Amino acid sequence: MWFLALKQLLARKRQTLFVIGGVLLGTAAYVLISGIMLGFQGYLITKLIDNDGHIHIAAKEENITRYSLDEALFGGQVLVDWKKFPSGRRDHAKIEHPSGWFELLDNDPRVLAYSPQINVQTLAQRGVISISARVVGVDPTKQERVTNINSYIQNGRLSDIGKAGNRIILGKQLMLKLGANVNENITLSTGKGAALSFRVVNYFETGTRAVDQGVIYAALADAQKLNRTPSQITDISVKLADVTEAKNVANGYARFSTDYVQSWDEENQSVFSVFRMQTAIRYIMSLSILLVAAFGIYNILNVIVTQKRKEVGILRSMGFTGQDVSRLFLYQGIVFGVFGGVFGVIIGYGACRLAGTYQIGDPLGTGISSLVVSYDIQIYLNALALAIGASVVAGWVPARGAGKLNPIDIIRSDG
Amino acid sequence: MGIDARNIHKFFGTPGQEVLKGIDLHIDEGEFVSINGRSGSGKSTLLYILSSLDPASAGELELDGKNIHAMSDEQLHRFRNEKMGFVFQFHYLLPELTAIENVLMPTRKTKSENARRTRAIDLMNEFGLSDKLKRLPGELSGGEQQRVAIARALIMEPSYIFADEPTGNLDSINGDLVMQIFRRISREQKTTVIMVTHDPDYAALADRSVHIADGRIVV
Ligand SMILES: Nc1ncnc2c1ncn2[C@@H]1O[C@H](COP(=O)(O)OP(=O)(O)OP(=O)(O)O)[C@@H](O)[C@H]1O
Ligand SMILES: [Mg+2]
């Protein structure tokens, strides 16, 4: 039946091309829309992952309750009844058993690297200007292994701050606002003692405003000294060998720790709900395009079947079965789907390449200034499957109808 | 052997209009039979029942000694493909295919188109169409189209040819040509030909004429 199906399609070249064009447009649009959306999502996810470890362990900010002091004052035994309960908030949050965490992380094969940090709120001052900022005290070599901070620093790297020595690298916007320059000093104070002077060795620009305006990297020891909390840490940033494991690992840790443990995807849930919305829009758009194409195929095949009634009668009289006749029309639907799908994928790929050259500036300061487009093979397989699936389904109904036509009715009505 | 029809009845619609009222007909292998009668007398209806294309409302039909009710759908289609050829008044060619492709169409059912190609060309030559093999039906005259249709009916070397007014749409020259062909295949290939016709001259060319009136065979 392929022979006759192709002959019939070739006899109506314009109609055939028109229907194939419809499927082609739908498929190409699916590929392009998916490529751009998934490309953007992938790009954003990489940013999120690379900027801040895969798992974030942080101290819980704790309010003091009537039992909070029992351990410290009475060795855990309840010996007194408070007239007025102790209340208020802990002076600062800290991770209670860092060495326990270090041991755990050192021995977990899923962990690639981790970086203990202390986060300290400070006032940065230069001359008469003072701006509040967060000092992140890190071991720079460890921090470098957990995040890609170095790609945001020009002519230098994070480890330029050393293990100690009051050197800092700060966000570019913050530096500009302070009116500071590289190799100049600024003072940092926490309100708990004397302000300390730090030398600016470099600056970074991530493209994320909040970070560029408010973050200062310092050596862990320097930051602890500034905060007057030697050897305390508030956060641990963990990088895993396999990102997709993040949620599992984080859940496992959370089970036996009172600290706050979250995976990168839990911390960025709002982003994922935007992604889900985008995916829904993508599917609705692609499905409506394909629905139009499928409806086109359905209509055209219905018309063809009606036009070909006489031929159906003669084919049946030659001994072809109803199934043979169904196949004659189903094959035509498949041709629409396969050609429309294959050319649609090719044209969609071309459109993606073109979109990939579109300049959007460099919002995240990563050196990538054009639209990021995903070329995931899954998009292309989906597009093909959708195009062919839609045509088969759309061709099925008219084809079945043609197979059920009674040959004698046809022959009698014309003879 | 041949065709054996016993007490065939055919009703149409509800309330049933009885078009065939008990037909008993035996056609021998190699016989050339013409069916004639008034318009609306049931000639076409009988022809299509004899060919198994249309089921009878009541009665028995044996083809080649086999009751058609005992044959599976698959067997019936195969029988139709290999043992029967149809020629209609309006020569139903497939308009997208050339003359030779039309002739070879039935062979595609059994994928024997290459084996039968020489026979197709021979038939076309025999019917005076040797220079028109690659023509589309739309580029052929009515008489030429009908000869292509007959060649198609003969391509599988069938035992039975069913023809419903094959000359009805042709002028006398082309009609004569068609009748010559039927006469020849009946005589030379011992093909059974059952032909409905209005024309008394053509009916007379058959070995036997069956006349139908009021749903019955009258002698
Ligand atoms: N599908 C049908 N439904 C109802 N009545 C039908 C149907 N087919 C045929 N008839 C009726 O059966 C009768 C016989 O029809 P048939 O086609 O066999 O006649 P015919 O002898 O071949 O006539 P003609 O010479 O005009 O071709 C007619 O009265 C016709 O109206
Ligand atoms: Mg008739």
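The values are calculated or read from the model by the stated rules, or taken from the named source; none is laboratory data. Nothing here was measured: the structure is a model prediction, and the numbers come from that model. No Cβ is skipped: glycine too gets one built from the backbone with ideal geometry, and neighbour counts run over all protein chains shown. Areas reflect the complete protein model, heavy atoms only, side chains present, ligands, DNA and RNA absent. Shrake-Rupley method; radii C 1.70, N 1.55, O 1.52, S 1.80 Å.
So, B:E113, is that one at pLDDT below 95, under 26 Å from A:L328 (Cα atoms), acidic (D, E) and more than 17 Å from the chain's Cα centre (by Cα) or not? Outline the logic, then answer.
Working: at pLDDT below 95: yes; under 26 Å from A:L328 (Cα atoms): yes; acidic (D, E): yes; more than 17 Å from the chain's Cα centre (by Cα): yes.
It is true that B:E113 is at pLDDT below 95, under 26 Å from A:L328 (Cα atoms), acidic (D, E) and more than 17 Å from the chain's Cα centre (by Cα).
Does B:I194 satisfy being in a strand (DSSP E or B), surrounded by 15 or more Cβ atoms within 10 Å (Cβ to Cβ) and touching a strand residue (DSSP E or B) at 6+ places or on another chain (Cβ under 8 Å)? First the steps, then the outcome.
Details: in a strand (DSSP E or B): yes; surrounded by 15 or more Cβ atoms within 10 Å (Cβ to Cβ): yes; touching a strand residue (DSSP E or B) at 6+ places or on another chain (Cβ under 8 Å): yes.
It is true that B:I194 is in a strand (DSSP E or B), surrounded by 15 or more Cβ atoms within 10 Å (Cβ to Cβ) and touching a strand residue (DSSP E or B) at 6+ places or on another chain (Cβ under 8 Å).
Tell me yes or no: at least one residue of the stretch B:109-116 is of a type outside the set (A, V, I, L, M), touching a residue at least 24 places away in the same chain (Cβ under 8 Å) and within 16 Å of ligand 1 (Cβ to nearest atom).
In the first step, residues of the stretch B:109-116 are kept if they are of a type outside the set (A, V, I, L, M); the result is B:109-114, B:116.
From the residues that got through so far, the ones that are touching a residue at least 24 places away in the same chain (Cβ under 8 Å) too are B:109-110, B:116.
Applying the additional criterion that residues be within 16 Å of ligand 1 (Cβ to nearest atom) yields none.
No.
Of all residues in the stretch A:316-331, which are crowded, with 20+ Cβ neighbours inside 10 Å, closer than 15 Å to A:G401 by Cβ and within 9 Å of chain B (Cβ to nearest Cβ)?
Within the stretch A:316-331, A:R316 is the sole residue that qualifies.
Identify the residue in the stretch B:1-19 that is within 14 Å of chain A (Cβ to nearest Cβ) and surrounded by 15 or more Cβ atoms within 10 Å (Cβ to Cβ) and, among all such residues, is farthest from ligand 1 (Cβ to nearest atom).
As a first pass, look at the stretch B:1-19 and keep what is within 14 Å of chain A (Cβ to nearest Cβ): B:10, B:12-13, B:19.
Applying the additional criterion that residues be surrounded by 15 or more Cβ atoms within 10 Å (Cβ to Cβ) yields B:10, B:19.
Working: B:K10: 8, B:V19: 4 Å.
Among residues in the stretch B:1-19 that are within 14 Å of chain A (Cβ to nearest Cβ) and surrounded by 15 or more Cβ atoms within 10 Å (Cβ to Cβ), the one farthest from ligand 1 (Cβ to nearest atom) is B:K10.
Looking at the stretch B:92-108, which of its residues are open to solvent by 30 Å² or more (accessible area, probe 1.4 Å) and in a loop (DSSP other than H, G, I, E, B)? Walk me through how you get there before you give the answer.
If we filter the stretch B:92-108 for residues that are open to solvent by 30 Å² or more (accessible area, probe 1.4 Å), which is where we start, we get B:95, B:101, B:108.
Within the stretch B:92-108, just B:P95 meets the criteria.
In the stretch A:274-315, how many residues are of a type in the set (S, T, N, Q) and surrounded by fewer than 13 Cβ atoms within 10 Å (Cβ to Cβ)? Steps first, please.
In the first step, residues of the stretch A:274-315 are kept if they are of a type in the set (S, T, N, Q); the result is A:278-279, A:286, A:288, A:299, A:302, A:306-307.
Restricting the remaining residues to those that are surrounded by fewer than 13 Cβ atoms within 10 Å (Cβ to Cβ) gives A:288, A:306-307.
Adding up the residues that qualify gives 3.
Take the conditions touching a Ser or Thr at 6+ places or on another chain (Cβ under 6 Å) and in a helix (DSSP H, G or I) and apply them to B:G175. Does it pass? So that I can check it myself, show each step before the final result.
Details: touching a Ser or Thr at 6+ places or on another chain (Cβ under 6 Å): yes; in a helix (DSSP H, G or I): yes.
Taking the combined requirement at face value, the residue satisfies it.
Give me a count of the residues in the stretch A:258-297 that are within 21 Å of the chain's Cα centre (by Cα) and assigned to a helix (DSSP H, G or I). Walk me through it before giving the result.
Of the stretch A:258-297, the ones within 21 Å of the chain's Cα centre (by Cα) are A:261-286.
Of the ones still in play, those that are also assigned to a helix (DSSP H, G or I) are A:264-267, A:269-286.
Counting residues in the stretch A:258-297 that are within 21 Å of the chain's Cα centre (by Cα) and assigned to a helix (DSSP H, G or I) gives 22.
Would you be able to say whether some residue in the stretch B:109-129 is touching a strand residue (DSSP E or B) at 6+ places or on another chain (Cβ under 6 Å) and outside any loop (DSSP other than H, G, I, E, B)? Quick ask: steps written out before the conclusion?
Of the stretch B:109-129, the ones touching a strand residue (DSSP E or B) at 6+ places or on another chain (Cβ under 6 Å) are none.
The answer is no, given that none of the residues of the stretch B:109-129 is touching a strand residue (DSSP E or B) at 6+ places or on another chain (Cβ under 6 Å) and outside any loop (DSSP other than H, G, I, E, B).
Which of the residues spanning the stretch A:66-97 are modelled with pLDDT under 80 and open to solvent by less than 70 Å² (accessible area, probe 1.4 Å)? Show your work before the answer.
Initial filter on the stretch A:66-97 (modelled with pLDDT under 80): A:66-93.
Those that are modelled with pLDDT under 80 and open to solvent by less than 70 Å² (accessible area, probe 1.4 Å): A:S68, A:L69, A:D70, A:F74, A:G75, A:G76, A:V80, A:P86, A:G88, A:H92, A:A93.
Working only within the stretch B:26-61, note down all residues that are among the hydroxyl-bearing types (S, T, Y), within 8 Å of ligand 1 (Cβ to nearest atom), within 14 Å of chain A (Cβ to nearest Cβ) and over 12 Å from the mean Cα position of the chain (by Cα).
B:S39, B:T45
Could you tell me whether the stretch A:380-403 includes any residue that is out of contact with any Leu (no Cβ under 6 Å at 6 or more places or on another chain), closer than 30 Å to B:S44 by Cβ, among the aliphatic types (A, V, I, L, M) and modelled with pLDDT of 90 or more?
Here is the first cut: in the stretch A:380-403, the residues out of contact with any Leu (no Cβ under 6 Å at 6 or more places or on another chain) are A:380-385, A:387-389, A:391-394, A:396-397, A:400-403.
Narrowing further to those that are closer than 30 Å to B:S44 by Cβ: A:400-403.
Checking the rest, the ones that are also among the aliphatic types (A, V, I, L, M) come to A:402.
Restricting the remaining residues to those that are modelled with pLDDT of 90 or more gives A:402.
Among the residues of the stretch A:380-403, at least one is out of contact with any Leu (no Cβ under 6 Å at 6 or more places or on another chain), closer than 30 Å to B:S44 by Cβ, among the aliphatic types (A, V, I, L, M) and modelled with pLDDT of 90 or more, which makes the answer yes.
What do you reckon, is A:V238 over 18 Å from A:S115 (Cα atoms) and in contact with a Leu (Cβ under 8 Å, 6 or more places away or on another chain)?
Values: over 18 Å from A:S115 (Cα atoms): no; in contact with a Leu (Cβ under 8 Å, 6 or more places away or on another chain): yes.
Taking the combined requirement at face value, the residue does not satisfy it.
Picking from B:N125, B:N169, which residue would you name as being within 16 Å of ligand 1 (Cβ to nearest atom), open to solvent by 70 Å² or more (accessible area, probe 1.4 Å) and out of contact with any His (no Cβ under 7 Å at 6 or more places or on another chain)?
On the way: B:N125 fails: within 16 Å of ligand 1 (Cβ to nearest atom).
One residue alone meets the criteria, B:N169.
Output the qualifying pairs, or none if there are none: Cβ atoms under 7 angstrom, residues six or more apart or on different chains, first residue in the stretch B:69-94 and within 16 Å of ligand 2 (Cβ to nearest atom), second residue modelled with pLDDT under 95 and part of a strand (DSSP E or B).
Pairs found: B:F88/B:D164; B:Q89/B:D164.
Restricting to the stretch A:311-335, what's the tally of residues that are among the hydroxyl-bearing types (S, T, Y) and within 18 Å of A:A11 (Cα to Cα)?
Qualifying residue count, the stretch A:311-335: 1.
Taking the stretch B:34-68 only, how many residues are open to solvent by 50 Å² or more (accessible area, probe 1.4 Å) and within 16 Å of ligand 2 (Cβ to nearest atom)?
Selection size over the stretch B:34-68: 3.
Do you know which residues across the stretch B:199-214 are at pLDDT 90 or above and either open to solvent by 70 Å² or more (accessible area, probe 1.4 Å) or more than 16 Å from the chain's Cα centre (by Cα) (or both)?
Looking only at the stretch B:199-214, we keep the residues that are at pLDDT 90 or above, and these are B:199-213.
Passing the criteria: B:D199, B:P200, B:D201, B:A204, B:L205, B:D207, B:R208, B:H211, B:I212, B:A213.
Filter the stretch B:162-208 for residues that are away from ligand 2 (no atom under 16 Å from the Cβ) and within 23 Å of B:S52 (Cα to Cα) and give the result.
Those that are away from ligand 2 (no atom under 16 Å from the Cβ) and within 23 Å of B:S52 (Cα to Cα): B:F182, B:I185, B:S186, B:Q189, B:K190, B:T191, B:T192, B:V193, B:A206, B:D207, B:R208.
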